[in-house]
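Participant: One structure is given below, represented as structure tokens, and several questions about it will come after.
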Amino acid sequence: MNYFNYRNGILHAEEVSLDRLADDVGTPFYCYSTAILKHNFQILQDAVSDLDTIICFSIKANSNIAVIKTLATYGAGADVVSEGELRRAITAGIPSERIVFSGVGKTRRELEFAVDNNILQINVESESELEDLNAVALARGSFVKIGLRINPDINVNTHEKITTGRKENKFGIEWPRNLQILRNINDLPNIEVVSIAIHIGSQLTDLQFFRDSFKYLRNFVLMLRDEGIFIKRLDLGGGLGISYDDSTTIPTPVDYVEIIRENLGDLGCHLILEPGRMLVADAGLLVSRVIHVKQGTTRNFIICDAAMNDLVRPAMYEAYHEILPVIKPAVGHKKCLTDVVGPICESSDTFAKQRLLPPFVRNDLLVFVTTGAYGSSMASTYNSRQLIPEVLVKKNQFSIVRTRPTYENMLMMESFPPWL
Ligand code: LLP
């Protein structure tokens with residue numbers, strides 16, 4: 001389902017012309033479609049309708065509070081990894097009993113904040129975190145429900161920087177330390193282990209890895225039952241990949257849920273899913289304007305006003321994002337090999353190399369497609385550039401859901417020491 005379409009030769013987000021939006025908002029900016037968010041959430045929701053499941057949107061993928069709130073209205077909970085994200089989830093109206101807190105390095109303060117907000121579960125990833133959490137709970141006279149994240153040592157074929165389930169990765173607790181912890185859990189009277197959590201990586205396009213990891217989880221849970229340890233909830237993480245270039249066949253959410261059902265459906269456990277990318281990636285575009293076109297001897301450069309600080313995925317993971325013109329090029333136009341780059345002062349500020357694109361001239365608008373996930377949420381202010389606005393569209397309406405800070409806003413946060 002695509003809600004980004006050309007109408008009368010102009011690319012629209014639902015019923016809003018991106019040309020007009022660019023004039024109103026100024027470029028660069030992110031634009032999200034409510035209809036796509038809804039569609040993505042409902043497909044997954046329908047697929048799990050016969051399983052006792054809560055879908056906790058992994059808000060690291062897109063942490064705009066309007067996006068979170070949109071998904072919350074369809075029934076999403078949240079998977080958060082910092083106090084900042086937890087505050088965003090609460091602000092967006094996600095009930096605390098639908099929030100999971102993951103991450104390897106939660107500080108004492110973050111644990112206190114999570115305990116005080118009585119969230120669904122805190123996923124613990126080390127023994128020292130467990131001790132911290134027990135101390136926090138003890139000090140408050142409360143009991144804390146945790147998930148123990150295990151590391152299954154499963155290798156997956158995604159970008160090396162986004163694998164998380166191997167022994168070499170910092171995540172989760174390995175066998176047999178995880179079993180020992182569970183055996184000794186009664187030594188920590190304020191902790192109750194309600195869940196086992198697993199997450200092996202992101203942008204996974206081969207279901208076999210999920211099959212392996214869910215089988216591993218199944219055997220682990222059954223082995224615990226033999227020991228008299230009963231786990232009532234399983235947190236299956238996120239990771240289902242999406243199509244960035246139409247060349248890879250991507251398993252559908254229905255295929256993915258079928259793997260869950262096959263391997264874990266009969267265990268009688270409540271399930272948590274933590275999807276990020278698959279809910280928001282194709283719901284977002286990055287809209288940018290061409291500043292200059294420069295002809296080199298070997299390259300043809302388009303220098304646009306978006307840069308790696310706005311969208312770091314190409315520089316960081318060699319990620320591919322399709323590039324489209326906002327105004328449809330004339331029939332019969334000639335495409336040429338082009339490098340699309342941003343204004344930042346390093347060569348890694350490159351969105352596309354030797355890409356066959358229609359001709360662009362100064363001031364033309366272009367979009368980077370499938371940038372709703374890990375786009376704005378990974379942005380920085382490198383080169384002292386402003387964070388860019390985010391716009392949410394619904395049918396013929398649009399709203400600026402994050403404004404561009406002024407340079408005064410940015411400078412206000414810094415000061416001179418008394419000796420200068
Ligand atoms: N749960 C946990 C514990 C995670 O670490 C992640 C992602 C998710 C869920 C959501 O995974 P997803 O469904 O989005 O694949 N910045 C990278 C992706 C990093 C993913 C980190 N963890 C990128 O732009 O590709």
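The values are calculated or read from the model by the stated rules, or taken from the named source; none is laboratory data. Source: prediction; values computed, not measured. We place every Cβ from the backbone using ideal geometry, glycine too, and count neighbours over all the protein chains shown. Surface accessibility is based on the protein's heavy atoms, side chains included, excluding ligands, DNA and RNA. Shrake-Rupley method; radii C 1.70, N 1.55, O 1.52, S 1.80 Å.
Participant: With springs connecting C-alpha atoms under 10 Å apart, model the chain as a Gaussian network and identify which of T70, T164, T91 has the largest mean-square fluctuation.
Facilitator: Fluctuation is largest for T91.
Participant: Taking amide H positions as placed 1.01 Å from N in the peptide plane, with prolines and chain starts having none, which residues 5 or more places from H292, or on another chain, fall under 5 Å of its amide H?
Facilitator: Distant-sequence amide H within range of H292: I303.
Participant: Counting only protein chains, not ligands or nucleic acids, how are F368, F416 ordered by accessible area (probe 1.4 Å), most first? Could you put the intermediate results ahead of the total?
Facilitator: Values: F368 0, F416 175 Å².
From most accessible down to least: F416, F368.
Participant: Among V115, Q208, G103, whose Cα lies farthest out toward the positive end of the dipole of the range 63-275, if unit charges sit on the beta carbon of Lys, Arg (+1) and Asp, Glu (-1)?
Facilitator: V115
Participant: Would you mind telling me which residue in Y407, Y74, Y317 has the biggest mean-square fluctuation in a Gaussian network model of the chain, where springs connect alpha carbons within a distance under 10 angstrom?
Facilitator: Y407
Participant: Would you please classify the overall shape of the chain from the alpha carbon gyration tensor, given that a ≥ b ≥ c denote the square roots of the eigenvalues, rounded means a/c under 1.5, and beyond that prolate means a/b larger than b/c while oblate covers the rest?
Facilitator: Since a/c reaches 1.5 and a/b is larger than b/c, the shape of the chain is classed as prolate.
Participant: Taking a virtual spin label 7 Å from the Cα of T298 along the C-beta vector, which residues in the range 333-347 bring their backbone nitrogen under 18 Å of it?
Facilitator: Backbone N within reach: 337-341, 347.
Participant: Of the residues V280, V48, V254, which exhibits the maximal mean-square fluctuation in a Gaussian network model of the chain defined by a 10 Å Cα contact cut-off?
Facilitator: V254
Participant: Would you please put 118-128, 328-338 in order of how densely packed they are, using the mean number of other Cβ atoms within 10 angstrom per residue and starting with the highest? Write down the numbers at each step before the final one.
Facilitator: Working: 118-128: 20.8, 328-338: 11.2.
The peptides rank, most packed first, as 118-128, 328-338.
Participant: Keeping every protein chain in place, order D349, D206 by accessible area at 1.4 Å, biggest value first, i.e. largest first. Present the calculation step by step, with values, prior to reporting the outcome.
Facilitator: Values: D349 5, D206 65 Å².
Highest to lowest solvent-accessible surface, that is D206, D349.
Participant: Run the accessible area of the chain with a 1.4 Å probe and give the carbon-and-sulfur part as a rounded percent.
Facilitator: 50
Participant: Continuing with this model, one more query. Suppose R0 equals 22 Å. What FRET efficiency, 1/(1 + (r/R0)^6) with r the Cβ-Cβ distance, do R109 and W419 give to the nearest 0.05?
Facilitator: Details: r = 31 Å, r/R0 = 1.41.
So, using R0 = 22 Å, E works out to roughly 0.10.
Participant: Additional query: For the chain, what is the accessible area per residue in Å², given a 1.4 Å probe and the full set of protein chains? Mind dumping the intermediate values first?
Facilitator: On the way: 19020 Å² over 420 residues.
Ligands and nucleic acids excluded, the result is 45 Å² per residue.
Participant: R0 = 45 Å: FRET efficiency of N155 with N118, Cβ-based, nearest 0.05? It would help to have the intermediate numbers written out before the result.
Facilitator: Working: r = 37 Å, r/R0 = 0.83.
In this case the efficiency is close to 0.75.
Participant: Pull up all non-local amide H partners of G201: gap of 5 or more, or a different chain, and H-to-H distance under 5 Å with H placed in the peptide plane.
Facilitator: T164
Participant: Return the whole-Å distance between the Cα centroid of the range 217-232 and the Cα centroid of the range 367-407.
Facilitator: A separation of 44 Å, based on Cα centres.
Participant: Count the net charge of all other residues whose Cβ sits under 12 Å from the Cβ of V257, scoring Lys and Arg as +1 and Asp and Glu as -1. It would help to have the intermediate numbers written out before the result.
Facilitator: On the way: positive: R261; negative: D46, D50, D255, E258, E262.
Once all neighbours under 12 Å are counted, the net charge is -4.
Participant: Could you give the nm distance between label points at S384 and S128, where each point is 7 Å from its Cα heading toward the beta carbon?
Facilitator: Label at S384, label at S128, 3.8 nm between them.
Participant: Below 26 Å, Cα to Cα, which lysines can K334 reach? Residues fewer than 8 away in the same chain don't count.
Facilitator: K294, K353
Participant: Give me the number: length gained by fully extending T73 to Y320, i.e. 0.36 nm times residue separation minus the C-alpha to C-alpha distance, one decimal in nm.
Facilitator: Numbers: separation 247, 0.36 × 247 = 88.92 nm, distance 3.13 nm.
Separation in residues times 0.36 nm, less the Cα-Cα distance, equals 85.8 nm.
Participant: Test of understanding: what is the full-extension gain from R404 to N184, defined as 0.36 nm times their sequence separation minus their Cα-Cα distance? Present the calculation step by step, with values, prior to reporting the outcome.
Facilitator: Numbers: separation 220, 0.36 × 220 = 79.20 nm, distance 5.12 nm.
Answer, rounded to one decimal: 74.1 nm.
Participant: Let me ask something else. Would you give the gap between the C-alpha center of the range 79-142 and the C-alpha center of the range 4-64, rounded to a whole Å?
Facilitator: Each part's Cα centre sits 29 Å from the other's.
Participant: How much length is gained if the chain between D266 and S243 is pulled fully straight, taking 0.36 nm per residue apart and subtracting their Cα-Cα distance, in nm to one decimal?
Facilitator: Details: separation 23, 0.36 × 23 = 8.28 nm, distance 3.10 nm.
Between D266 and S243, full extension yields 5.2 nm more.
Participant: Residue by residue through the range 90-100, what is 3J(HN,Hα) from phi via Karplus (6.51 cos²θ - 1.76 cosθ + 1.60, θ = phi - 60°)? Round to whole Hz and write x for glycine and proline.
Facilitator: 5, 4, 7, x, 7, x, 4, 6, 10, 10, 10
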